[in-house]
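I have placed the structure first, in the form of structure tokens, so that the comments after it can refer back to it.
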Amino acid sequence: MNDADSRVREQTERILNLLIALRAASGWIDRDSLKACMDEYAGLSDAAFDRAFSRDKRLLRDLGIEISTATWDDEFTGRNGYGYRITSDDYELPEIDLTPQEAAVLSVASRFWQDSALGEASGRALHKLRGLGIDLAESTDPLPARMRFGTETFAAALSAVNARRAVRFSYRKPGGVAGERRLEPYALLTRGDRVYLLGRDLDKEEIRTFRLSRISGTLSRVHGRKDGDYTVPEDFRPGDWFRPVHASGASTTAHLRLRPGSGDPLRRAGTPAGTDDAGWDLLALGYDDPEELAATLVGFGRAVEVDSPADLADALERMRGTTLAALTAAQDAPVAPDTPVKADAPDTEERA
């Protein structure tokens, strides 16, 4: 165990011991009693105890636990006496009363997060709520894979928003090359199955929107910056500042032809536009990145064709060519001959 782990363990034990001592006391417990029952405070001078106790009270307060304090006149010393305790009101959680709608939202959220970097923590939270008797209906209906936040980018972005940590990252806009961005994150926002990071762009000095799926690599702290060294404007509302054009380019409509009975996921996302002379179904589908949509369409083979726009049709044909070349190369690659298997040597001990 390294020094950092040792310090964390010692701090955790000290805080737990203090919590137990103050909760177990039937009344107010004074400084001398705390020093007598806790090894961590034993032997400290009054000044040193005050510093250590103030530090530990702050740690408990950060956990949501307040320590009540009382003062009185000490007849024996002629000075003021101080007592401490943690009451039930200071320690116990208030009753949680969720409406059916709120419980349903939590249940859906747990499925939404289950494959993410935060899935384990959200699962533990739901188990605790169920332990309090809150009815959270289980659902076995799977969520679409693209609606799951399974990437480390999401967890890193959420951490940066919560810590108010200025970050830098590599970002690619549609049809462009990746470039470094520096951002003071304000909020995360979802639109359908897409997640956006909103904040103040340090280079453009304005609030911008970045789609998480376009961030490559990791989110790193901006050099020379510290957590919490900026503030989010009080009047900031993510919905008011959401600018998808900054994140994904202008939205465009693709006009597709689908072989009858194929491309069901595309049909659910798009708008039917009739049938052509050859009997193929016509579909209008909105998109904001031709490369991304082409990567989806290539999976349907020749059952889906693009009528317009031309850049999408070109992107699809390029991907088809790349895929065909890769498959051809794999098929033509020489196959290593099987390694002959040696027959086991006869057992000299075997008897006929």
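Tabulated data for the structure shown
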quantity	calculated
Leading residue by the ranking (farthest from Thr87 (Cα to Cα)) among those in the stretch 30-48 that are of a type outside the set (Asp, Glu) and touching a Lys or Arg at 6+ places or on another chain (Cβ under 6 Å)	Ala42
Extreme residue, modelled with the lowest pLDDT, among residues of the stretch 64-81 that are part of a loop (DSSP other than H, G, I, E, B) and surrounded by 10 or more Cβ atoms within 10 Å (Cβ to Cβ)	Asp74
Lone qualifier among Asp32, Asp50, Asp90, Asp56 - being at negative phi, modelled with pLDDT under 80, part of a helix (DSSP H, G or I) and out of contact with any Gly (no Cβ under 7 Å at 6 or more places or on another chain)	Asp90
So Arg225, is it modelled with pLDDT under 90 and among the charged types (D, E, K, R)	no
Residues of the stretch 202-243 that turn out to be under 15 Å from Arg172 (Cα atoms) and surrounded by 14 or more Cβ atoms within 10 Å (Cβ to Cβ), as a count	9
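The values are calculated or read from the model by the stated rules, or taken from the named source; none is laboratory data. These numbers were taken from a predicted model, which means no experiment stands behind them. Methodologically, a virtual Cβ is constructed for each residue, glycine included, from the backbone with ideal geometry; neighbour enumeration extends over all protein chains shown.
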